[in-house]
Amino acid sequence: MRFYCGLDLSARSCQVCVIDGRMKVLVQQKVRNDLEDIMYLLAPFKKTLECVVESTFNWYWLVDGLQEGGYEVCLAHTLGLSMITGAKVKTDPRDALALAKLLRAGMIPKAYVYPKETRPVRDLARRRIRVVNLRAQEYVSLGRLLLQQGTLDYRRYDIKLIIEEDIEGLFRNPWIQLNAKHELARIRLYTAQIREMEGKISETIKDSLKYSRLLDIPGIGKILAITIFYEVGDISRFPSDRDFSSYSRVVTGVAQSGTSCKKGRGSKQGSSYLKWAFSQAAVYAVKNYPKIQRFYERQRRRHRGKGEKLIAYSIVAHKLALAVYHILRDGTKYNEEILFRN
């Protein structure tokens with residue numbers, strides 16, 4: 001007989017529920033987040049046991065540990081678990097039981113278990129994006145200090161050139177000077193961390209042929225190529241370029257019922273990091289590549305009205321995503337004539 005285990009994982013504890021093929025509850029117990037304690041509970045059922053873990057922020061240790069222990073484990077995508085998240089009565093035992101029942105019925109929306117070996121590099125690349133955003137906030141804060149004092153001559157790029165020796169000349173009040181010095185200190189710290197992260201990540205990927213071919217795509221530089229390469233992981237998990245484009249959020253969803261059909265559904269589904277990377281690449285490509293700029297202008301004329309620029313940029317981003325998919329899947333070279341015909 002096969003057994004099914006739902007593990008409702010929280011920050012410090014885990015609710016373990018094991019059922020058999022007839023939906024009979026055999027185990028329903030909360031344990032602390034300790035791999036040995038959980039595996040002790042599951043040991044009697046190990047030979048024919050399937051496990052499911054919800055994709056919470058801390059699933060790494062549990063999924064990796066169970067897989068290394070010889071257990072069959074799948075990761076459940078939280079977006080598809082409306083039966084749990086939308087329940088009127090929501091408790092840990094109910095959630096664990098619901099996970100086990102969905103697993104028994106073959107209705108678990110599976111998420112991708114990113115390979116353990118390269119997962120830390122991907123997470124570091126994600127952290128780099130967050131640190132860049134933190135640094136940008138410090139530049140904005142420094143610019144506001146200048147505006148508060150009536151200094152209007154400094155534009156966005158001028159602010160980046162301010163050094164500590166300039167502070168006393170820009171601000172008379174010593175308290176404001178201290179505030180500005182702290183802003184600059186945080187900017188220096190973030191800049192140093194960003195450079196260190198970029199250097200470490202570049203070392204792990206510099207010899208990859210597929211990574212180097214990503215650099216041939218218009219608008220995709222070193223940082224965007226690193227983000228795309230590590231966010232994608234195993235390209236074979238996407239059966240087609242449509243699936244990849246959907247995951248990258250460069251195409252809109254559709255809600256169709258009867259004669260009604262609306263676009264724009266599910267815009268938050270997929271990878272926000274790939275969405276960001278392709279959007280940035282599209283803007284840069286339109287700005288610096290004449291053929292792509294002409295393609296962009298044609299799309300604007302075809303979609304005149306509210307949001308025409310956004311739509312045109314999204315179409316360019318979609319084209320770049322298609323190029324990435326075929327380069328990573330087939331090892332082909334970038335061909336601008338195919339994607340952006342005049």
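The values are calculated or read from the model by the stated rules, or taken from the named source; none is laboratory data. Remember, it's a predicted structure, so these values are computed and weren't measured experimentally. Cβ: placed from backbone, ideal geometry, glycine included. Neighbour counts: every protein chain shown.
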field: Inter-residue pairs, beta-carbon under 8 Å, first assigned by TED's automatic domain parsing to the domain that holds D64 and in the range 27-45, second of a type in the set (D, E) and part of a helix (DSSP H, G or I), 6+ apart
entry: K30/D92; V31/D37
query: How about the range 23-45: which of its residues are in contact with a Cys (Cβ under 8 Å, 6 or more places away or on another chain), aliphatic (A, V, I, L, M) and assigned to a strand (DSSP E or B)?
result: V25, V27, V31
- prompt: Do any residues in the range 92-121 that are closer than 24 Å to G270 by Cα have Cβ atoms under 6 Å from those of residues that are part of a loop (DSSP other than H, G, I, E, B), where the two are at least six apart or on different chains, and which pairs are they?
  reply: L102/I108; P109/H77; A111/S55; A111/H77; Y114/G233
message: Against the condition in the same structural domain as L9 (by TED's automatic domain parsing), surrounded by 17 or more Cβ atoms within 10 Å (Cβ to Cβ) and closer than 17 Å to E231 by Cβ, how does L75 come out, does it pass?
response: yes
query: Would the range 300-316 turn up any residue that is basic (K, R), in contact (Cβ under 8 Å) with a residue 24 or more places away in the chain and surrounded by 12 or more Cβ atoms within 10 Å (Cβ to Cβ)?
result: no
- request: Being surrounded by 14 or more Cβ atoms within 10 Å (Cβ to Cβ) and either in contact with a His (Cβ under 8 Å, 6 or more places away or on another chain) or of a type in the set (A, V, I, L, M, F, W, C) (or both) is the filter; apply it to the range 6-24 and report the residue that is nearest to I108 (Cα to Cα).
  value: L7
task: Scan Y190, Y211 and give me the residue that is in contact (Cβ under 8 Å) with a residue 40 or more places away in the chain, part of a helix (DSSP H, G or I) and of a type outside the set (K, R).
output: Y190
message: Can you pull out every residue in the range 68-82 that is in a loop (DSSP other than H, G, I, E, B) and either under 14 Å from L7 (Cα atoms) or under 20 Å from the mean Cα position of the chain (by Cα) (or both)?
response: Y71, H77, L81
- line: Counting only residues in the range 317-341 that are assigned to a loop (DSSP other than H, G, I, E, B) and among the basic types (K, R), the one surrounded by the most Cβ atoms within 10 Å (Cβ to Cβ) is identified as K333
- prompt: Given (1) at negative phi; (2) exposed (fewer than 12 other Cβ atoms within 10 Å of the Cβ); (3) of a type outside the set (D, E, K, R); (4) assigned to a loop (DSSP other than H, G, I, E, B), where does G150 come up short, assuming only one miss?
  reply: (1)
- prompt: Residues in the range 46-61 that are in contact (Cβ under 8 Å) with a residue 40 or more places away in the chain, in a helix (DSSP H, G or I) and loosely packed, with under 14 Cβ neighbours inside 10 Å: how many?
  reply: 1
